[in-house]
Amino acid sequence: MKRSVISSLFLFAGVFLFVGCAEKEDLFGKQKSTFVSFLEKTHQPRLIPVENLEPGSREGVYATLGDAVYRYIDVENYYDPDRENKPLVTEDSWVTLTYRAYLFNNTLIRGLPDGGLNENNFASVTPPFYTNDPAFEPYFRMAGLTPGAWDFAPLSVDMRNAGIIKGLRLALVGCREGDRVEAYMTYNMAYGDKTYLYFIPKESPVAVFFSVDKVE
């Protein structure tokens, strides 16, 4: 079957240059500390580092990838006894994703309500800056988006493509088909120190929630 890669505003960022200086190091360290504090104290469920997981425990855990990407795989997936038999994402895989990308502001990211979206709970949804999740189409219609202006097609990612943002690449490798994943990344793992597409401020920490729909 011929594969196609659907270009995404969030997935394929340009090449950014970084200036090494004390100010950048301070920002980098602050964003990392904020993520760790959020995951361990505010996230629902509260998480612990995967290296602190005790044998037999089924606590939610996060893994630190590189030194600036934090990945949480939903506990139902992570402790699925059949998980090891499912296709693994490697650096050479083709992966089909459904995703939501957010600017991270150290608060809980709330998806669509279980009972569906209406005018009363519309304001409780955290708006992603980009998504291909068709469940969010009613949200964007209510927000005033012109029907058909947003692409909700599945996203096929070639992991060998050099254009994929570094934080997402790190978060994907090691996932398995069917996983539901949250990836939190510092600015240098996402869009860098330049304003991107006018609505992603420079040096923005980013969270990407995704499901691994298919691995080839």
Just a yes or no: is a residue in the stretch 184-192 out of contact with any helix residue (DSSP H, G or I) (no Cβ under 7 Å at 6 or more places or on another chain), polar (S, T, N, Q), at pLDDT 90 or above and surrounded by 13 or more Cβ atoms within 10 Å (Cβ to Cβ)?
no
Which of the residues belonging to the stretch 90-110 are of a type outside the set (Phe, Trp, Tyr), surrounded by 15 or more Cβ atoms within 10 Å (Cβ to Cβ) and either closer than 26 Å to residue 40 by Cβ or without any contact (Cβ under 8 Å) to a residue 60 or more places away in the chain (or both)?
100, 101, 103, 109
Is one or more of the residues making up the stretch 145-154 more than 22 Å from residue 75 (Cα to Cα), in contact with a strand residue (DSSP E or B) (Cβ under 9 Å, 6 or more places away or on another chain) and outside any loop (DSSP other than H, G, I, E, B)?
no
Single residue of 155, 145, 168 found to be touching a Leu at 6+ places or on another chain (Cβ under 7 Å) and more than 30 Å from residue 30 (Cα to Cα)
155
Scanning the stretch 205-216 residue by residue, those surrounded by 20 or more Cβ atoms within 10 Å (Cβ to Cβ) and either free of Cβ contacts under 8 Å to residues at least 60 places away in the same chain or out of contact with any Lys or Arg (no Cβ under 8 Å at 6 or more places or on another chain) (or both) turn out to be 205, 206, 207
Any idea which residue in the stretch 54-84 is farthest from residue 169 (Cα to Cα), counting only those that are polar (S, T, N, Q) and not in a strand (DSSP E or B)?
57
From the set of residues in the stretch 115-144 that are out of contact with any Phe, Trp or Tyr (no Cβ under 9 Å at 6 or more places or on another chain) and in a loop (DSSP other than H, G, I, E, B), which is surrounded by the most Cβ atoms within 10 Å (Cβ to Cβ)?
121
Sort out which residues of the stretch 47-85 are basic (Lys, Arg) and buried (at least 16 other Cβ atoms within 10 Å of the Cβ), and write them in order of number.
71, 83
Within the stretch 117-131, is there a residue that is within 25 Å of residue 214 (Cβ to Cβ), among the aliphatic types (A, V, I, L, M) and touching a residue at least 24 places away in the same chain (Cβ under 8 Å)?
no
May I ask you to list the residues in the stretch 39-61 that are touching a residue at least 40 places away in the same chain (Cβ under 8 Å) and either closer than 15 Å to residue 77 by Cα or touching a Ser or Thr at 6+ places or on another chain (Cβ under 8 Å) (or both)?
42
Extreme residue, farthest from residue 40 (Cα to Cα), among residues of the stretch 160-216 that are outside any helix (DSSP H, G or I) and among the polar types (S, T, N, Q)
161
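The values are calculated or read from the model by the stated rules, or taken from the named source; none is laboratory data. These figures come from a predicted structure and were not determined experimentally. Every residue, glycine among them, receives a Cβ derived from its backbone with ideal geometry; neighbour counts consider all protein chains shown.
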